[in-house]
Amino acid sequence: MLFSNRITIEQFLVMGVLFGLLFPLTIILPLFRLAVWNIPGLILLLWIVLRGANRQMFRLNNFDLWEYSILGVILIYFIMTLVGKDFISNLSHLNHYISCLALSFYFRRNYGKIFTTKHFIIFAFISVGLESIIGLIQQITSSEFGNIGVYFGKTPETTELRAIGDSSMGRVIGTFGTGNLVGNWIIIFLPFILYSSEYFQNKYSWVSRIIIVIMSLIAIIMTISRFNIAIYLGIIIFTIFLYIKKNLKRKIKLKISLISALILFVMLTFSVGSLVIIWEEVGMMKKAVEFRFSDTFEAASQTGKHTHGINARMEMNKGALQAFIRSPLIGVGYKNSRWIWPTVDADVPSNWIYQPHNIYMVMLVEGGIFLFIFYVIYTFYPFYKMWLLKKSNEPILIAFFLSLSACIGIQMMYITFTSPIFAGVYTMILGSAMGYFDQELIKLKEKS
């Protein structure tokens, strides 16, 4: 069970918000872009207001620099959007993004009470497992199974699994409809699965960790998302390194029970059998991954070549910097950075007419230098908190470090953290991280 045996109304609504994030359905209203998670979120807001009114108290004091940075992002973004192009049409999107930022406030202030580290880990297991299973089914059946956008509203452009090169291998797209989003989700929650052992004392809990890690590894490779694959492997290698370093100076006793040995045997047999059955698909996957990575290195070595990868992103960054230098104080407003390309000297492919694929560049162009500063504080202040906890031995601290570090990398390659599908996930993690760090700092002060 995700929460305690006695689930409160507020916990039930929080659970609705979390699982609503897995359903990428939105509808544009006159003043608001409504996502699935917004529905329990708005009910939760109403519940908090009514509860506060009933108790004649609202606790919205004691702000620190991090929370003031959120207010700064909201205020500047709104002003720049107000004076920018297409204010009315962009307002609904901006208001939804503001609702995502509000999640940071809530999860920080309620972490350890309504929502705990154990809840966070369980949600990581469930969500990563769900996306991995759906992705594997999509690849095996070559179908849109689980792609929620197919079943509601206008059919999305991702209704066909995208072929890679001259292979017939497609990209798994999970419930989100995009391989990059699936990869991003797996990456930011993977560390909480890897470092969860101290929160679950069942001696066979390692089995579920191994299963989830194996499934997620296969799924993320099948997204054929180069950057996500690289970060995933980096997290695994870092974790293995820490494990070896921790156990290097002591003799590790190999102690395995009959049941554990049987479980390992069954898992190994199942894995080998599965590889034999889908050997042709494995070959296509290998070919597709090789094509994607060879395309990356080829593009990196040929200046000016059109590509859907590194070179296109670098051109976008160059154009964004030009637009920022031209107007360093006044930004173009929320989502309007997608219209700058005809006005800058950047060779951006016509089918890449989006916001710059670097969130920091987006903030510079859409809000100017002050929005950029506030967003940098919002993003990096948690690392300052982590530095204050450098003497802590809590493994989940490492999980937050890896997850937030991966998020920084993702923000420099994708625009997922400003999208209505994914922005709420990132802000929830940031708020949870700050809430966890606050609690650990209190514990350290009590010990000293």
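Any read-out appearing in this document is the output of simple, stated calculations on the displayed coordinates, not a laboratory observation. These figures come from a predicted structure and were not determined experimentally. Using ideal geometry, Cβ is built from the backbone for each residue, glycine included, and neighbour counts are taken over all protein chains shown.
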* Structure fact -> Quick calc: nm separation of the 7 Å Cα→Cβ label points for VAL376 and LYS246 -> 3.5 nm
* To do: For an R0 of 22 angstrom, estimate the FRET efficiency from the Cβ-Cβ distance between SER327 and LEU82 and round to the nearest 0.05.
  => 0.90
* To do: Could you list the residues of segment 389-406 with an amide nitrogen less than 11 Å from a label point located 7 Å from the Cα of ASP64 in the Cα-to-C-beta direction?
  => 389
* To do: Please tell me which of these pairs span more than 25 angstrom C-alpha to C-alpha: LYS113/LYS335; LYS113/LYS443; LYS113/LYS246; LYS245/LYS443; LYS118/LYS443?
  => LYS113/LYS335; LYS113/LYS246; LYS245/LYS443
* Mind giving me the nanometre distance, one decimal, between the label points for LEU444 and ARG338, set 7 Å out from Cα along Cα→Cβ? => 4.3 nm
* Structure fact -> Output ordering of 352-360, 217-225, 336-344 (per-residue mean of other Cβ within 10 Å, highest first) is 217-225, 352-360, 336-344
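Stretch ILE43-ILE369 to full length: gain in nm at 0.36 nm per residue minus the Cα-Cα span?
Details: separation 326, 0.36 × 326 = 117.36 nm, distance 3.55 nm.
Computed gain between ILE43 and ILE369 is 113.8 nm.
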* To do: Using a 10 Å cut-off on Cβ atoms, rank the peptides 389-400, 421-432 from the highest mean neighbour count down.
  => 421-432, 389-400
* At a Förster radius of 25 Å, what calculated FRET efficiency corresponds to the Cβ-Cβ distance of ILE210 and SER143, to the nearest 0.05? -> 0.35
* Which shape class applies to segment 186-249: rounded if a/c is under 1.5, otherwise prolate when a/b exceeds b/c and oblate if not, where a ≥ b ≥ c are the square roots of the Cα gyration tensor eigenvalues? -> oblate
* Asked: Which whole-Hz couplings ³J(HN,Hα) result when phi for each residue of segment 171-178 is put into the Karplus expression 6.51 cos²θ - 1.76 cosθ + 1.60, θ = phi - 60°, listed in order with x for Gly and Pro?
  -> 10, 5, 10, x, 7, 8, x, 9
* Any chance you could run the full-extension gain for LEU388 through LEU50? It's 0.36 nm times the residue separation minus the Cα-Cα distance, nm to one decimal. => 118.0 nm
